[in-house]
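The values are calculated or read from the model by the stated rules, or taken from the named source; none is laboratory data. Predicted, not measured: the structure shown is a model, and the values here were computed from it. Cβ atoms come from the backbone with ideal geometry, glycine included; neighbour counts cover every protein chain shown.
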Amino acid sequence: MTGPPPGAPVPAGERPIRVVVADDQEIVRTGLAMILDAQPGIEVVGQAADGRQAVELARRLRPDVCLFDIRMPGVDGIEATRQLAGPAVAEPLAVVVITTFDLDEYVYAALRAGARGFLLKDAGSALLAQAVHAAANGDALIAPSVTTRLLTAFADSGPTTPPPQPVDPLTDREEQVLTAVARGRTNSEIADEFHISLSTVKSHLASLMAKLGARNRVEIAIWAYETRRVSGGGRR
């Protein structure tokens, strides 16, 4: 996470992160909005009950972050994500998907559609706020509690064609950062683990994205699992 921690005061003059929440269950949608609105520096500017309304609302309001449920009537969260953040979108929005354990296959599709991160619906308010701050800052948060299981399963059922190889070989440090990202580590945690600065972590991430043709850290993590650099929580 690169923004202010949950509960931290918002610097004077800094506008809050604007969020659109979409979930077809009113009680869940309202609860998510209340949790986010209670966080300093976050403001829910719109709510939608389905994907079609979410896409229209997001295109009109241009929020900093969209928080979408996977399963919604009509246009689901996967298609809504693709329309707002997919490879063909000129100015993609930051989308974080939220799901439950029994919907893994939808998460894989959402990541491919351009989602910047994902959480489980039982994520606490602190993790939810972290995900919003991370997405707003161009980062991504993969819930550590599900990273290994979800991405390992994704790799096991992944593409039939071999994953693309990097345009240039990865350095030893880039391999270390790659593994840390795949395990759901934040920039700060990576910096602490390897005793490097945040700016150095960001430089390594930028280099990894360039070499792998990845748009964000989620795609970096997927590549790590597809190439079996990480499997079942351990390095190959």
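Structure above, values below:
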read-out	value
When residues of region 91-108 are limited to those that are at pLDDT 90 or above and farther than 22 Å from residue 33 by Cβ, the one surrounded by the fewest Cβ atoms within 10 Å (Cβ to Cβ)	91
Exclusive hit being at pLDDT 85 or above and hydrophobic (A, V, I, L, M, F, W, C), set 143, 210, 123	210
Residues of region 164-207 that turn out to be touching a Leu at 6+ places or on another chain (Cβ under 8 Å), modelled with pLDDT of 85 or more and of a type in the set (Ser, Thr, Tyr), as a count	1
Test: residue in region 62-71 that is under 21 Å from residue 138 (Cα atoms), in the same structural domain as residue 99 (by TED's automatic domain parsing), over 17 Å from the mean Cα position of the chain (by Cα) and surrounded by fewer than 21 Cβ atoms within 10 Å (Cβ to Cβ)	yes
Scope region 184-210; condition crowded, with 20+ Cβ neighbours inside 10 Å and part of a helix (DSSP H, G or I); matching residues	187, 190, 201, 204, 205, 208
Condition met for residue 158 (surrounded by 15 or more Cβ atoms within 10 Å (Cβ to Cβ), modelled with pLDDT under 85 and either more than 15 Å from the chain's Cα centre (by Cα) or not charged (D, E, K, R) (or both))	yes
Lone unmet requirement of (1) assigned to a loop (DSSP other than H, G, I, E, B); (2) closer than 21 Å to residue 124 by Cβ; (3) not aromatic (Phe, Trp, Tyr) for residue 92	(2)
Residues satisfying the stated conditions in region 15-28, i.e. part of a helix (DSSP H, G or I) and touching a residue at least 40 places away in the same chain (Cβ under 8 Å)	28
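Residues are listed down the side, and each one gets a yes or a no for (1) of a type in the set (Val, Ile, Thr); (2) part of a loop (DSSP other than H, G, I, E, B); (3) not assigned by TED's automatic domain parsing to the domain that holds residue 139:
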site: 33; (1), (2), (3): no, no, no
site: 45; (1), (2), (3): yes, no, no
site: 55; (1), (2), (3): yes, no, no
site: 73; (1), (2), (3): no, yes, no
site: 87; (1), (2), (3): no, yes, no
site: 115; (1), (2), (3): no, yes, no
site: 118; (1), (2), (3): no, no, no
site: 122; (1), (2), (3): no, yes, no
